[in-house]
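S.K.: Here's a structure for you.
The values are calculated or read from the model by the stated rules, or taken from the named source; none is laboratory data. Note that this is a predicted model, so its numbers are computed, not measured. With ideal geometry, Cβ positions are generated from the backbone for all residues, glycine too; neighbour counts draw on all protein chains shown.
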Amino acid sequence: MSGAPLIAQGGFVRDRAGESSCVADNGFCLDWISKNLDRYQTPFLEHVYLVVVSVAIGFVIAVALGLLAHRRRWLIGPLTGVTGALYTVPSIAMFFLLQPLLGRGNAPAIVGLAIYTQVIIFRNVITGLAGVPKEMVDAAAGMGMTPNQRLFKVEVPLALPEILAGLRIASATTVGLAAFAALAGAGGLGQQLIVSSLIVFKSNVVVAGGLVTLLAAALDLVVLGIQRLLTPWRRAVLA
């Protein structure tokens, strides 16, 4: 082995003599980034998987709870309190608390992230359903619709903009929280960011952080597109 000093950068140990001055000086190195983009592919896909799966599970649960609470109004207070209390648990503590029950890996990460989506989506479901004009519900009842028909054919469609707004917020929030899932052994871009915070290699921080930001923006656009497809009457009103 040569006697040149070694430096650790982004999880790798490298020979300082073989590095450019930019990398050796811990700068923002476009050349290093272009040569190492492939190392972010797997962490990025892992991050997408964690976010999409946890948000999907959280959305289904939160909507079901919201519909139940809309029918049983006395549940709104307790469920709002419980989901709000769970949201206040620090993400690092949540992932560590779940590991004795679920082990390390994707399971504690997905469960923890799904828990954090509850308060946002649940409140938006309740708010959206409460905002449906009463005269619309009364008109549906006058047409002979059953309570279930009124709920799913009138109230839910009219509440969709508010519900999907909650989904957009939850998705963006989960992208950021998923970075801490690496502490539970789940992988994702959090591995790169955590290593960078210890080693402080600026190029790695910029790429990993930039990918997290781009993912949040992309998911927001996807949900916004779904909202526009599911609520064509709003486009007609805006036009």
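S.K.: With the checklist (1) under 15 Å from the mean Cα position of the chain (by Cα); (2) under 19 Å from Ala182 (Cα atoms) in hand, flag the one item Ala93 doesn't pass.
M.R.: In the conditions (1) under 15 Å from the mean Cα position of the chain (by Cα); (2) under 19 Å from Ala182 (Cα atoms), Ala93 misses (1) alone.
Yes/no per residue for (1) in contact (Cβ under 8 Å) with a residue 24 or more places away in the chain; (2) out of contact with any helix residue (DSSP H, G or I) (no Cβ under 7 Å at 6 or more places or on another chain); (3) among the hydrophobic types (A, V, I, L, M, F, W, C):
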{"site": "Ser54", "(1), (2), (3)": "yes, no, no"}
{"site": "Met94", "(1), (2), (3)": "no, no, yes"}
{"site": "Ala109", "(1), (2), (3)": "yes, no, yes"}
{"site": "Arg123", "(1), (2), (3)": "yes, no, no"}
{"site": "Met136", "(1), (2), (3)": "no, no, yes"}
{"site": "Gly144", "(1), (2), (3)": "no, yes, no"}
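S.K.: Which ranges mark the helices (runs of 4 or more DSSP H) fully within the stretch 1-99 that have 2 or more residues being modelled with pLDDT of 90 or more and within 30 Å of Arg150 (Cβ to Cβ)?
M.R.: 41-71, 76-87
S.K.: Considering each residue of the stretch 100-135, count those that are over 20 Å from Leu68 (Cα atoms) and surrounded by 14 or more Cβ atoms within 10 Å (Cβ to Cβ), and give that number.
M.R.: The initial filter retains those residues of the stretch 100-135 that are over 20 Å from Leu68 (Cα atoms), namely 100-113, 135.
Adding the requirement that they be surrounded by 14 or more Cβ atoms within 10 Å (Cβ to Cβ) leaves 102, 104-113.
The number of residues fulfilling the criteria is 11.
S.K.: With the checklist (1) within 32 Å of the chain's Cα centre (by Cα); (2) in a helix (DSSP H, G or I) in hand, flag the one item Val132 doesn't pass.
M.R.: Only one criterion in (1) within 32 Å of the chain's Cα centre (by Cα); (2) in a helix (DSSP H, G or I) is unmet by Val132, namely (2).
S.K.: Among the residues of the stretch 135-187, how many are within 27 Å of the chain's Cα centre (by Cα) and at positive phi? Walk me through how you get there before you give the answer.
M.R.: Just the residues of the stretch 135-187 that are within 27 Å of the chain's Cα centre (by Cα), to begin with: 152, 155-187.
Those left that are additionally at positive phi: 185, 187.
Residues in the stretch 135-187 being within 27 Å of the chain's Cα centre (by Cα) and at positive phi: 2 in total.
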